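Beneath this line is the structure, given in structure tokens, with notes to follow.
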Amino acid sequence: MATKVGKGYEKSLTPASVLVDDLKSEELSRRINSVKNLNVIAAALGPDRTKSELIPFLSGISWFLSVQYLSVIIKNYMMMKMRY
């Protein structure tokens with residue numbers, strides 16, 4: 001099975017793509033799980049796609065704009081930058 005990630009990229013159903021789909025879920029527990037695992041999504045996308053696709057995608061999700069969620073994004077992005 002394939003799913004869309006980012007700007008039309010086709011990927012097989014991987015843990016990262018499941019987490020991306022869960023970010024769009026109506027179930028709060030699935031969204032929170034995805035937020036807690038943003039490092040998995042970011043690692044799968046790499047630094048360039050994380051910066052150009054994941055962060056803009058997340059900022060476009062209305063529920064995601066709370067300070068709590070944004071702090072998780074910033075923390076994971078900074079950790080990823082240190083690795084590369």
task: Report the label-to-label distance for Lys36 and Ser59 in nanometres (one decimal), using points 7 Å from each Cα along the Cα→Cβ vector.
output: 2.7 nm
- request: Assuming R0 = 22 Å, can you tell me the calculated FRET efficiency for the pair Ile74 and Leu28, based on Cβ-Cβ distance, to the nearest 0.05?
  value: 0.55
query: Ranked highest first by the average count of other Cβ atoms within 10 Å around their residues, in what order do 33-42, 71-80, 20-29 fall?
result: 33-42, 71-80, 20-29
- prompt: How much length is gained if the chain between Ser52 and Val18 is pulled fully straight, taking 0.36 nm per residue apart and subtracting their Cα-Cα distance, in nm to one decimal?
  reply: 10.3 nm
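A short reminder: the numbers here are calculations on the coordinates, not readings from a lab. Please read these numbers as outputs of a predicted model, since none were measured by experiment. Don't worry about glycine lacking a Cβ; one is built from the backbone with ideal geometry, like all the others, and counts go over all protein chains shown.
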